[in-house]
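Worksheet: the structure to be examined is printed underneath.
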Amino acid sequence: MSAEDFSDVFDAGVTHVWWGTVTEPVGPDGALVLSAEERTAARTMTTEAGAYYSGAHLAVRRILAGYLGTGPAALHFGRLRCPECADPGHGAPCIVRPSTELSFSLSRSGPHWLLGVTGGGRRIGVDLEQVLGFDTASVAPSVLSDRELAHLREEDGPAAQLAVFLRYWTRKEAVLKASGVGLMTDVRAVDVHAPPGSGPLLVHHAAATGPAAWVVEDLAVGPGRYAAVAREASAAGPVRLIGRQPPAGHGRPEPPEPLQTRSTTWPAQPHATSSHSMT
Ligand SMILES: [Zn+2]
């Protein structure tokens, strides 16, 4: 097998998006890769949620370490300053060490995770949601713009309405994560209305500082999942979607393993949480 080359992430505007599913608990060796903060965070969760969190963070560390030519345990994460209030406590996650211009964004939903990576210190945001049954009609008015809501109400039946809702929700959250303000803003004001399959979308959303225009793309990441990536509009080159588990060791990618063939028997019941924290 030949090692696949991922160095184009450092080319202007190129974005890589990795996705995968946590299918087994992190073992003792993997646990040593995580930081004390990550291990503590996992312990505050249910066993299942903690396993998903730890598995996703281990995968993220291995992928990012592969780009940076370092060990996955050597990565130190921090946060950018909030673009609204300059608070370093709640901006977008970033790599503090080693020093790098790579930016990343992580989203998790149940056992599934999605990681966007780009170079040049550019902003990126990704969001992933797995389909869970909930009352779209009661939530949508506080989330969607008027024309997004009108579109949703044209759809026939709860399943079709949920699909429209999750498409819009993932686009909005990707933009808000890219801009660094997260959900501390009026989500309705981020208008991401567009017909399905219409391709990348230009979205205007300005925080107090930082870019004001974003290119948003829907991503196909497996059945029952919705995902989007948002990037600075001034530098939105190709998106490379890498749908597989990360290499076991940094710099030595394993052959592709399609997710469809993976066992989904562990754990039996997906946990209905979605977290975007990277602490
Ligand atoms: Zn703030």
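The values are calculated or read from the model by the stated rules, or taken from the named source; none is laboratory data. Since we're looking at a predicted model, the values are computed, not measured. Note: ideal-geometry Cβ built from the backbone for every residue, glycine included; neighbour counts use all protein chains shown.
Among the strands (runs of 3 or more DSSP E) confined to the stretch 12-129, the ones with at least 1 residues that are without any contact (Cβ under 8 Å) to a residue 40 or more places away in the chain are located at 76-79, 93-97, 103-109.
Go through (1) crowded, with 21+ Cβ neighbours inside 10 Å; (2) part of a strand (DSSP E or B); (3) of a type in the set (D, E) for E217 and report which single condition fails. With (1) crowded, with 21+ Cβ neighbours inside 10 Å; (2) part of a strand (DSSP E or B); (3) of a type in the set (D, E) applied to E217, the lone miss is (1). Filtering the stretch 180-201 to residues that are more than 26 Å from R79 (Cα to Cα) and at pLDDT 85 or above leaves D191, V192, H193, A194, P200, L201. Exactly one residue out of V9, V14, V22, V96 is within 24 Å of A220 (Cα to Cα) and touching a strand residue (DSSP E or B) at 6+ places or on another chain (Cβ under 6 Å), and it is V9. Considering the stretch 74-93, the residues that are in contact with a Ser or Thr (Cβ under 8 Å, 6 or more places away or on another chain) and at pLDDT 95 or above include one that is farthest from the ligand (Cβ to nearest atom), namely H76. For the stretch 33-63, the set of residues classified as of a type in the set (A, V, I, L, M) and under 20 Å from P111 (Cβ atoms) consists of V33, L34, A41, A42, M45, A49, A51, A56, L58, A59, V60, I63, listed by residue number. Of the residues R153, R123, the single one that is closer than 27 Å to A208 by Cα and not polar (S, T, N, Q) is R123. A206 meets each of the listed conditions (1) within 16 Å of the ligand (Cβ to nearest atom); (2) assigned to a helix (DSSP H, G or I) apart from (2). Only one of the numbered conditions (1) in contact with a Leu (Cβ under 8 Å, 6 or more places away or on another chain); (2) assigned to a helix (DSSP H, G or I); (3) surrounded by 19 or more Cβ atoms within 10 Å (Cβ to Cβ) is not met by L162, and that is (1). Yes or no: A65 surrounded by 20 or more Cβ atoms within 10 Å (Cβ to Cβ) and within 16 Å of the ligand (Cβ to nearest atom)? Here the answer is no, as A65 does not meet what is asked. Against the conditions (1) away from the ligand (no atom under 16 Å from the Cβ); (2) more than 18 Å from P223 (Cα to Cα); (3) assigned to a helix (DSSP H, G or I), K177 satisfies every one except (1). The number of residues in the stretch 136-158 being in a loop (DSSP other than H, G, I, E, B), more than 24 Å from the chain's Cα centre (by Cα) and of a type outside the set (G, A, S) comes to 2.
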